[in-house]
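Undergrad: Provided herewith is a single structure, encoded as structure tokens, for subsequent inquiry.
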Amino acid sequence: MVEAAPWTTRAAALGRFALDALLPPRCLVCGATVGTAGALCADCWSRMTVLGPPCCAACGFPFEYGQDTEGDGTLCGACLRERPVYDRARAALRYDDASRGLIIAFKHADRTDAAPALGRWLAQAGAELLRDADLVAPVPLHRWRLFRRRYNQAALLATHAARAGGKRLCVDLLIRKRATPSQGRLGATQRRENVAGAFAVAARHRDAVRGRRVLLVDDVLTTGATAGACARALLAGGAQAVDLLTLARVVRPV
């Protein structure tokens with residue numbers, strides 16, 4: 001005999017039904033009505049480029065489909081020339097015209113309601129990285145930028161990805177020792193110089209990081225300068241290895 005659901009479960013379901021009737025879930029991009037909260041409509045989803053295998057074993061750069069690289073350690077041209085500081089990087093989406101609005105709204109326009117869904121996308125894209133991780137940590141904001149923005153978008157992503165993967169989250173594992181200008185208009189070399197030495201492992205977490213594999217989470221991978229600086233700080237602090245998981249990544253020819 002199937003037991004009836006507890007009254008609290010039934011009440012919660014009824015409450016969600018009533019709320020959806022009054023305020024139906026909306027597409028995170030265009031605002032069209034969708035079936036569930038935190039979803040995209042079919043039209044917006046069809047324009048997104050979801051990333052996955054085959055890809056570079058190190059940085060996650062997507063290869064042409066039909067190229068069988070799974071498990072063989074194949075590297076892209078950029079990683080053959082110089083491996084990143086982090087071991088592996090993966091991203092859920094290609095950063096392009098379709099995904100840009102979603103990410104900018106989440107990052108700069110208080111669309112924190114998107115965080116649970118985006119965190120689940122991260123967990124799916126980085127399932128292997130999450131499985132191997134001992135700790136999950138976000139790229140930190142400097143305290144003054146955090147004060148102005150009121151939230152760290154990387155910390156929200158890390159929170160929901162860690163929860164989906166059942167992993168330990170350390171939201172303040174890294175600190176940003178100094179404020180740095182925005183990376184937006186800087187070239188690759190300038191970006192590396194801008195963030196060099198800007199991060200460190202928080203003193204209270206030095207024991208926690210030693211010998212651990214850390215999964216670093218951020219919103220967008222562009223040149224890898226910020227992620228590289230964070231990875232160097234974690235490795236200097238005693239981490240065994242660092243992987244990187246981002247919501248999106250820029251895809252340029254290598």
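Undergrad: Could you estimate the translational diffusion coefficient of segment 213-254 from the Stokes-Einstein equation, with Rh from the Kirkwood formula over C-alpha pairs, at 37 °C and 0.692 mPa s, in whole µm²/s?
TA: 303 µm²/s
Undergrad: Then there is this: Give me the net charge of ILE175's neighbourhood, meaning all other residues with Cβ under 11 Å from the Cβ of ILE175; Lys, Arg count +1, Asp, Glu -1.
TA: Taking every other residue near ILE175 into account, the sum is +4.
Undergrad: Something else: Tell me the accessible surface of GLU64 in square angstrom (1.4 angstrom probe, heavy atoms of protein chains only), to the nearest ten.
TA: Its heavy atoms expose roughly 140 Å² to the probe.
Undergrad: Taking H as built 1.01 Å from N, whose amide H comes closer than 5 Å to the amide H of THR223, not counting residues under 5 places away?
TA: Here nothing satisfies the definition.
Undergrad: With Cβ to Cβ distances under 11 Å as the rule, what net charge do the other residues near ALA105 carry (K, R +1; D, E -1)?
TA: +1
Undergrad: Students often check this: by mean Cβ neighbours within 10 Å, which of 28-37, 168-177 ranks highest, and how do the rest follow?
TA: Listed from highest to lowest mean packing, they are 168-177, 28-37.
The values are calculated or read from the model by the stated rules, or taken from the named source; none is laboratory data. Since this is a predicted model, take the numbers as computed values, not measurements. Positions of Cβ are generated from backbone atoms using ideal geometry, with glycine treated the same way; all protein chains shown enter the neighbour counts. To get the accessible areas, we keep the full protein, side chains included, count just its heavy atoms, and leave off ligands, DNA and RNA. Shrake-Rupley method; radii C 1.70, N 1.55, O 1.52, S 1.80 Å.
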